[in-house]
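Enquirer: Following this message is one structure expressed as C-alpha cells.
Just so it is clear, none of the values below were taken in a lab; they were calculated from the coordinates. A quick note: this is a predicted structure, and the numbers were derived from the prediction, not measured. Using ideal geometry, Cβ is built from the backbone for each residue, glycine included, and neighbour counts are taken over all protein chains shown.
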Amino acid sequence: MDYSKVFNAAIDRLHEEGRYRVFIDILRNKGAFPNARCFAGHNGPKPITVWCSNDYLGMGQHPKVISAMEAALHDVGAGSGGTRNIGGNTHYHVDLEGELADLHGKETALLFTSGYVSNEATLATLAKILPGCIIFSDELNHASMIAGIRNSGCEKQVWRHNDLAHLEELLAASDPEAPKLIAFESVYSMDADIAPITEICDLADKYNAITYCDEVHAVGMYGARGGGISERDEVADRITIIEGTLGKAFGVMGGYIAADRVIVDVIRSYAPGFIFTTSLSPVLVAGVLASVRHLKASSEEREAQQASAAFLKKSFADAGLPVMNSVTHIVPLMIGDPVKAKRISDILLAEYGVYVQPINFPTVPRGTERLRFTPGPTHTEEMMTELTSALVEIWERMELRKAA
Ligand SMILES: *Cc1c(COP(=O)(O)O)cnc(C)c1O
C-alpha cells in the first residue's frame, strides 16, 4: 500500500471539486469587532471586517466577560485539573449549570466541552439506554447530531426538513410500543429558517415520543432572556432535552443540555464524551457565566442584531442579490457553485478587506454552496452599505445572475 498516494488522492479530489478548504488566519481586535487583522499576505497583518463570525452578539469582547475571565484566572489558575468526577468539578461549573437550567426552566443542566460533544454524547447515550429506540431526525440536522445518532446504533428515520406531514407519516408507520425520540434544531443556521416546535411537540405527545432540540443558533438571541426559540414560543416545558452552545452567542466555548434531573443523571453517568475528558477551564466557565447572566437581563444586543440583520437583508434584496429567505439573524446569499463561492470570497478578502467564508459540501448539499453573513450589533449601516456595493461590483464583474 502506497499510503501517501492514497492521502494525496483524497486531497486532490477536494481540489477538483473546488471545495478544498482554506482557513483564513486572523486576529480579532477586542473592543472593535467586527474589525480584525488578517495574516494571509506577506506584508504584515491587513485590516479586515469579519462577516461570518458566530460570536453573534460580540459577547466575546464584552467587558463583563473579559473581567470575569481575568478574575477567575487570577483566583484559581488556568485549567480545571481533571474530569468532572476526578478533581475537575469546579464551583464555576456548578453555578453555570444552575444558571442554564434556570434559563430554560429545566430542573438541571450539564456542561460539555463543546456543543458538538453535547449532541454526540447525549444522543448516542440516550438511544442506547432506551431499548429498541427509533430516532426521527430532521434531514438538515447538524453533523454532531448525526454522529450521535449513528453512534447510538439504533434505527434512524429521516424526515424531510421541517415537514410535519412527513414526520407524522413516519411516526404513524412505526411500532407503537417502540420508544421514540424526535431530534431537530430550532434555528437552522445554513437555511436561516425555524422549526415549528409547537407542532413537533404536538406530534411527540400524540405518538408518545420524547423530543431533543438543538438551540445552538438561538440561545442568547431569542426569547426575553435569551432562552432561544423555545422561550420565545413558550414551548420550553414541552421539549424533553434542550441543547445549546456556549461558543456562539455567548461568545466563549462549551456546550450543554438542560432537562429533567433523571435524564441529566443518566447522561452524566453513562456518556463517555462527558465522563472521560477534562472539564472546561474555569476561566472559560467564568466568562460564560457573566455572558449568560448579562444576556438574561439585557435585550439591547439582541435588538441591535435583529436591526442589523433586517438592514442587510433589505440592502441585498434592493440590490438584486440572491439573498435567501431568512426569518432569522442569518443572511445567506445563494451561489450554487463551490468555485464561484470561493472566488467571490477571495475577491472580497483581497480587494475589499471583507471576510466571509464560502460554505460548501458537506456543510451544505452540493449545488447549494453559499456565502453566509452574520451581521451583529457592531456592524454599522455604513459597513453594510459598503458590503452591498462591493458585492454588486463583483456580481457585475463575474457576470453573475441577479435575483428576479
Ligand atoms: C456549531 C453547531 C454545533 C456545535 O457547537 P460547538 O459548540 O461549536 O461545538 C451544534 N449544532 C449546530 C446546529 C451547530 O451549528
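Enquirer: Within 10 Å, count the other beta carbons around each residue, average over each peptide in 302-308, 246-252, and list them highest first.
Expert: 246-252, 302-308
Enquirer: Given just the C-alpha atoms of the stretch 300-359, how large is their convex hull per residue in cubic angstrom?
Expert: Details: hull volume 5.9 nm³, N = 60.
Cα convex hull per residue, to the nearest whole number: 98 Å³.
Enquirer: I've got another one for you. Tell me which of F112, L130, Y188 sits at the most positive position along the dipole axis of the chain, charges placed on C-beta atoms (Lys, Arg +1; Asp, Glu -1).
Expert: Of the listed residues, the answer is F112.
Enquirer: What is the diffusion coefficient of the stretch 245-404 in µm²/s, taking the Kirkwood radius over Cα pairs and the Stokes-Einstein relation at 20 °C with a viscosity of 1.002 mPa s?
Expert: Translational D for this selection: 116 µm²/s.
Enquirer: Right, next: Could you rank the peptides 115-123, 232-240 by their average count of other C-beta atoms within 10 Å per residue, with the highest value first?
Expert: Details: 115-123: 26.9, 232-240: 18.0.
Going from most to least packed, we get 115-123, 232-240.
Enquirer: Of all GluC sites (Glu not before Pro) in the stretch 368-401, which ones are in loop regions per DSSP and have a Cβ with at most 15 other Cβ atoms within 10 Å?
Expert: Sites meeting the loop and neighbour criteria: E399.
Enquirer: If R₀ is 25 angstrom, what is the calculated FRET efficiency for the pair A173 and T198, using the beta carbon separation as r and rounding to 0.05?
Expert: According to the calculation, E is roughly 0.60.
Enquirer: Describe numerically, in nm with one decimal, the distance between label points set 7 Å from Cα along Cα→Cβ at R401 and at V327.
Expert: It works out to 2.6 nm between the two label points.
Enquirer: A follow-up question, please. When the chain is fully extended, how far beyond the present Cα-Cα distance does E382 get from H42, taking 0.36 nm per residue of separation?
Expert: In short, 119.5 nm is gained.
Enquirer: Shifting gears a bit: Report the full-extension gain for the segment E99 to S299: residue separation times 0.36 nm, less the Cα-Cα distance, to one decimal in nm. Spell out each step's value before the answer.
Expert: Working: separation 200, 0.36 × 200 = 72.00 nm, distance 1.73 nm.
So the extension gain works out to 70.3 nm.
Enquirer: Under unit Cβ charges (Lys, Arg +1; Asp, Glu -1), what dipole magnitude, rounded to 20 debye, does the stretch 198-339 have relative to its Cα centre?
Expert: Numbers: 12 positive and 17 negative charges, 76 e Å.
That gives the stretch 198-339 a dipole magnitude of about 360 debye.
Enquirer: A follow-up question, please. What FRET efficiency do you get for E351 and E17 if R0 is 45 Å and r is their Cβ-Cβ distance, rounded to the nearest 0.05?
Expert: According to the calculation, E is roughly 0.95.
Enquirer: Which of G41, S345, M59 sits farthest toward the positive end of the charge dipole of the chain, with +1 on the Cβ of Lys and Arg and -1 on the Cβ of Asp and Glu?
Expert: Ranked along the dipole, the leading option is G41.
Enquirer: Have a look at the stretch 127-275 and give its Rg and Dmax from the Cα atoms, expressed in angstrom.
Expert: Considering the stretch 127-275 through its Cα atoms, Rg and Dmax are 14.7, 43 Å.
Enquirer: Taking the Cα centre of the stretch 247-404 as the origin and placing charges on Cβ (Lys, Arg +1; Asp, Glu -1), which of S315, T278, F373 is farthest toward the positive end of the dipole?
Expert: Toward the positive end, the furthest listed residue is T278.
Enquirer: What's the long-distance tail for the stretch 1-133, i.e. % of Cα pairs beyond 20 Å?
Expert: Of the Cα pairs, 72 percent sit more than 20 Å apart.
Enquirer: Then there is this: What's the Kirkwood radius of the stretch 87-191 in Å, using all Cα pairs?
Expert: This gives a value of 15.2 Å.
Enquirer: Here's another thing I want to ask about it. State log₁₀ I(q)/I(0) for the chain at q = 0.08, 0.09, 0.10, 0.15 Å⁻¹ as given by the Debye formula over alpha-carbon point scatterers of equal weight, solvent excluded.
Expert: Each listed q maps to, in turn, -0.46, -0.58, -0.72, -1.45.
Enquirer: Tally Lys/Arg at +1 and Asp/Glu at -1 over every other residue whose Cβ is under 11 Å from the Cβ of G336; what's the total?
Expert: For residues surrounding G336, the net value is +2.
Enquirer: For the pairs K156/K340; K30/K296; K64/K106; K128/K296, flag any whose C-alpha to C-alpha distance is greater than 32 Å.
Expert: Over 32 Å Cα-Cα: K156/K340; K128/K296.
Enquirer: Can you give the extra length, in nm with one decimal, that the chain gains between A32 and A71 once fully stretched, where that is 0.36 nm per residue apart less the Cα-Cα distance?
Expert: Separation in residues times 0.36 nm, less the Cα-Cα distance, equals 11.8 nm.
Enquirer: Per-residue counts of other Cβ atoms within 10 Å, averaged by peptide: what ranking do you get for 193-201, 16-24, highest first?
Expert: Per-residue mean Cβ counts within 10 Å order the peptides as 193-201, 16-24.
Enquirer: If you place +1 on the Cβ of every Lys and Arg and -1 on the Cβ of every Asp and Glu, how big does the dipole about the Cα centre of the stretch 137-235 come out, in debye to the nearest 20?
Expert: Dipole of the stretch 137-235, to the nearest 20 debye: 300 debye.
Enquirer: Moving on to the next point. Among bridges DSSP assigns within the chain, what percent are antiparallel (round to 5)?
Expert: 55
Enquirer: Could you tell me the ratio Rg/Rh of the stretch 226-284? Both radii from Cα atoms, Rh via Kirkwood.
Expert: 1.01
Enquirer: If you put +1 on each Lys and Arg Cβ and -1 on each Asp and Glu Cβ, how big is the dipole of the chain around its Cα centre, in Debye rounded to 20?
Expert: The calculated dipole for the chain is roughly 1000 debye.
Enquirer: With a ≥ b ≥ c taken as the square roots of the eigenvalues of the C-alpha gyration tensor of the stretch 349-404, please select rounded if a/c is under 1.5 and otherwise prolate if a/b is larger than b/c or oblate if it is not?
Expert: Since a/c reaches 1.5 but b/c is at least a/b, the shape of the stretch 349-404 is classed as oblate.
Enquirer: Divide by every residue of the chain the summed helix terms, -39500 (n - 2.57) for each DSSP H run of at least 4, and state the resulting mean residue ellipticity at 222 nm, rounded to the nearest 500 deg cm²/dmol.
Expert: It lands at -13500 deg cm²/dmol.
Enquirer: Could you work out the relative contact order of the stretch 355-404, using alpha carbon pairs under 8 angstrom and six or more residues apart, expressed as a whole percent?
Expert: 23
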